[in-house]
Ligand SMILES: NC(=O)c1ccc[n+]([C@@H]2O[C@H](COP(=O)([O-])OP(=O)(O)OC[C@H]3O[C@@H](n4cnc5c(N)ncnc54)[C@H](O)[C@@H]3O)[C@@H](O)[C@H]2O)c1
């Protein structure tokens, strides 16, 4: 791997579809905003030649490849952004890590805990294995995390985590969506994962989950909704809803601490205006001042966005530090999703210890079950 402290980080993007464009735009805008540029896109790869050609032309990418091995040996990227459908993340990431390139993979990082653990074990630090969870990186979430950790808000008591989005049947006609073997689940895995990751980013380790899931209105093998109750090691409890059946779409998180309620209401990304703080009676002055003066976690973007996360990933790589989001953090979110599916299929409460290697839900998110 090149000395990334001196030169721009050499990035390759694998998968040249929808989300790859957000990646390319975010990298390009950072390269244009700073001198010397923190990163440069040296190559892209896609199994679809026409997608690849359009993408390389659109973002002036010099190397277009139809094969990952050739990309790795010829373009020698420091970092590979994986923007392909979920079931392809594991083989692509493994090949990159074994080839000496760090990996930043789109969510969900893998479609099972077993695959996830294989990637975590393949890290040689560097190369690193990181997951895209961009909503951790807006100022509001960083401020909340800091105040929660410092105790300024008191004990966390109860939380609400709603991903109530709308996806019509045509959305699931894309062959990889809504299938266990290609997406690893429905809205719990594909959509609510963002909000549940924010929930766990603030509340930490979970200890038990009870859930139901079903296919209520769409025709697909996975769920189109799930509901869960989650208990945390710190004693807090949370109610989680994941749906793609909700015409008035919203992402909503609410944290009730002893000393304040903190809420964020947004859809696919928040800014500072989307956060609301309600101090408990008698705590108005303290809590309002603490929220106002809390550092934003190192400066940067008020918005949650790929660019906000990438800035931190690039800074970490250039400093020789682990880039976010780390495997241990991403795994906790993946384990909660596995726990929701395990509880929904077995109709029992599930703890993290129930999801270890011999468990069926370790190997596949549906634990080998086919229908609800
Ligand atoms: N972070 C977010 O907010 C966010 C939003 C949307 C999608 N995503 C994630 O991004 C990923 C891609 O989603 P998308 O909507 O861009 O999909 P897409 O179908 O638009 O694009 C995927 C691309 O990958 C290519 N591809 C498929 N298999 C490949 C392989 N083995 N090697 C190389 N290229 C391959 C396809 O030809 C296609 O061009 C998914 O994991 C999805 O969950 C994340």
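The values are calculated or read from the model by the stated rules, or taken from the named source; none is laboratory data. All values reported here derive from a predicted model rather than from experimental measurement. Here the Cβ is made from the backbone with ideal geometry for all residues, glycine too, and neighbour counts use every protein chain on show.
Residue 249 satisfies every condition listed in (1) assigned by TED's automatic domain parsing to the domain that holds residue 201; (2) away from the ligand (no atom under 16 Å from the Cβ); (3) in contact (Cβ under 8 Å) with a residue 60 or more places away in the chain except (2). In the set 99, 178, only one residue is free of Cβ contacts under 8 Å to residues at least 60 places away in the same chain, over 30 Å from residue 284 (Cα atoms) and not assigned by TED's automatic domain parsing to the domain that holds residue 219; that residue is 99.
Being part of a helix (DSSP H, G or I), more than 9 Å from the ligand (Cβ to nearest atom) and within 19 Å of the chain's Cα centre (by Cα) holds for only one residue in 20, 93, and it is 93.
Step by step: first the residues of the range 31-58, then only those that are modelled with pLDDT of 95 or more and away from the ligand (no atom under 14 Å from the Cβ), then the one that is nearest to residue 310 (Cα to Cα). Which residue is that? The residue in question is 39.
So that you can scan it fast, the table gives a plain yes or no per residue for (1) under 17 Å from residue 224 (Cβ atoms); (2) within 16 Å of the ligand (Cβ to nearest atom); (3) crowded, with 18+ Cβ neighbours inside 10 Å:
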| site | (1), (2), (3) |
| --- | --- |
| 109 | no, yes, yes |
| 113 | no, no, yes |
| 128 | no, no, yes |
| 139 | no, no, yes |
| 154 | no, no, no |
| 161 | no, no, yes |
| 178 | yes, yes, yes |
| 182 | yes, yes, no |
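Give me a count of the residues in the range 59-84 that are more than 19 Å from residue 325 (Cα to Cα), within 12 Å of the ligand (Cβ to nearest atom) and assigned to a loop (DSSP other than H, G, I, E, B). Steps first, answer last, please.
Step one: list which residues in the range 59-84 are more than 19 Å from residue 325 (Cα to Cα), which gives 59-77.
Now narrow it down to the ones that are within 12 Å of the ligand (Cβ to nearest atom): 64-69, 71.
Then keep just the ones that are assigned to a loop (DSSP other than H, G, I, E, B); that gives 66-67.
Qualifying residue count for the region: 2.
With respect to (1) touching a residue at least 24 places away in the same chain (Cβ under 8 Å); (2) not assigned by TED's automatic domain parsing to the domain that holds residue 39, the lone exception for residue 108 is condition (2).
Is there a residue in the range 28-49 that is in contact (Cβ under 8 Å) with a residue 24 or more places away in the chain, part of a helix (DSSP H, G or I), surrounded by 21 or more Cβ atoms within 10 Å (Cβ to Cβ) and in the same structural domain as residue 123 (by TED's automatic domain parsing)? Taking every residue of the range 28-49 in turn, none turns out to be in contact (Cβ under 8 Å) with a residue 24 or more places away in the chain, part of a helix (DSSP H, G or I), surrounded by 21 or more Cβ atoms within 10 Å (Cβ to Cβ) and in the same structural domain as residue 123 (by TED's automatic domain parsing).
Can you tell me which residue among 287, 313 is in contact with a helix residue (DSSP H, G or I) (Cβ under 9 Å, 6 or more places away or on another chain) and either surrounded by 16 or more Cβ atoms within 10 Å (Cβ to Cβ) or within 30 Å of residue 155 (Cα to Cα) (or both)? First the steps, then the outcome.
Numbers: 313 fails: in contact with a helix residue (DSSP H, G or I) (Cβ under 9 Å, 6 or more places away or on another chain).
Exactly one of 287, 313 is in contact with a helix residue (DSSP H, G or I) (Cβ under 9 Å, 6 or more places away or on another chain) and either surrounded by 16 or more Cβ atoms within 10 Å (Cβ to Cβ) or within 30 Å of residue 155 (Cα to Cα) (or both), namely 287.
Taking the stated definitions as given, is residue 229 modelled with pLDDT of 95 or more and under 30 Å from residue 172 (Cα atoms)? So residue 229 fits the description; yes.
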